[in-house]
Amino acid sequence: MPLVRRGRDRPRAGAQAPQVRARRHVSAPPAAAPGVPAWLAPVAALPGRLGPYDLSRLRPPRGDERPGAVLVLFGEGDEGPDLLLIERAATLRSHSGQPAFPGGAQDPGDDGPAGAALREAQEETGLDPAGVQVLGLLPALWVPVSGFAVVPVLAWWREPSPVRVVDPAECAAVHRVPIAELLDPAHRVRTRHPSGHVGPAFAVRGMLVWGFTAGILDRVLHHAGWERPWDESRVVPAPADPPRDVPPA
């Protein structure tokens, strides 16, 4: 699977939609799983091919962290291929007010990480899990601020259902963000945390997607071969309450 290179040797950007770019840059595209559209095949091929350091610079979980999972749900909406994101309630103790994937802690009664991600997504957005096709799991990633080991669950929204804010105490908003906007270099930035950490971010739909969520998203788009060259010198602050008015470049 070819990867987009960093620096001056990267291929020139194109303006194609995600499904067109995937066909152009993957010389031998992986076959799509049954029921999965061809444009999503590069993502469906990622489970089992990536290790923890392909997704994060932090150490892998040691096994004593609390287990959690997030749902990385790809769909097709009125604006083409998209991704489901939520905005966490400002009153939550951790990651308050931040855009995020639906998800949370894995409970004893959950059917593994996928079951936890689907349950949490249903509780947060009201989606019908019966319409979601799980594509596979990515390696568990350590989240130091919360002490969790979080498994990203890649999924295809085979039969979309209406989504909304179910509990305002947990979720402030629900968004279906077009993949084309996430890939647009004008919406790509990096954030600098007060700790000094600098990481990828996305300024879309009036949101600044940063931190753990942006890190997963950046790596998934990269390893799927969809990433377009963008200005990595554009850095914005990422305080505890991130700015909500970061304009596209």
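The values are calculated or read from the model by the stated rules, or taken from the named source; none is laboratory data. Just so we're clear, the structure is a prediction, and the values are computed from it rather than from any experiment. Here Cβ is always computed from backbone atoms with ideal geometry, including for glycine, and neighbour counts include all displayed protein chains.
Please tell me if R119 is out of contact with any Cys (no Cβ under 8 Å at 6 or more places or on another chain), under 24 Å from L182 (Cβ atoms), at pLDDT 95 or above and among the charged types (D, E, K, R). Walk me through it before giving the result.
Values: out of contact with any Cys (no Cβ under 8 Å at 6 or more places or on another chain): yes; under 24 Å from L182 (Cβ atoms): no; at pLDDT 95 or above: yes; among the charged types (D, E, K, R): yes.
It is false that R119 is out of contact with any Cys (no Cβ under 8 Å at 6 or more places or on another chain), under 24 Å from L182 (Cβ atoms), at pLDDT 95 or above and among the charged types (D, E, K, R).
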Pick from segment 31-47, criterion in a loop (DSSP other than H, G, I, E, B) and farther than 25 Å from V150 by Cβ, ranking: modelled with the highest pLDDT: P37
Residue that is surrounded by the most Cβ atoms within 10 Å (Cβ to Cβ) [pool: residues in segment 137-178 that are touching a residue at least 60 places away in the same chain (Cβ under 8 Å), touching a Gly at 6+ places or on another chain (Cβ under 7 Å) and outside any strand (DSSP E or B)]: V163
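Please list, ordered by residue number, the strands (runs of 3 or more DSSP E) wholly in segment 48-135 having 2 or more residues that are within 17 Å of V163 (Cα to Cα) and of a type in the set (D, E). Give the steps one after another, and end with the answer.
Values: elements: 66-77, 80-88, 103-105.
It comes to 80-88.
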Filter result for the condition that a residue is farther than 29 Å from V236 by Cβ, surrounded by 22 or more Cβ atoms within 10 Å (Cβ to Cβ) and not polar (S, T, N, Q), over L182, L127, L208: L127
Test result for W226, of a type in the set (F, W, Y), under 29 Å from Q122 (Cβ atoms) and either touching a residue at least 60 places away in the same chain (Cβ under 8 Å) or surrounded by 17 or more Cβ atoms within 10 Å (Cβ to Cβ) (or both): yes
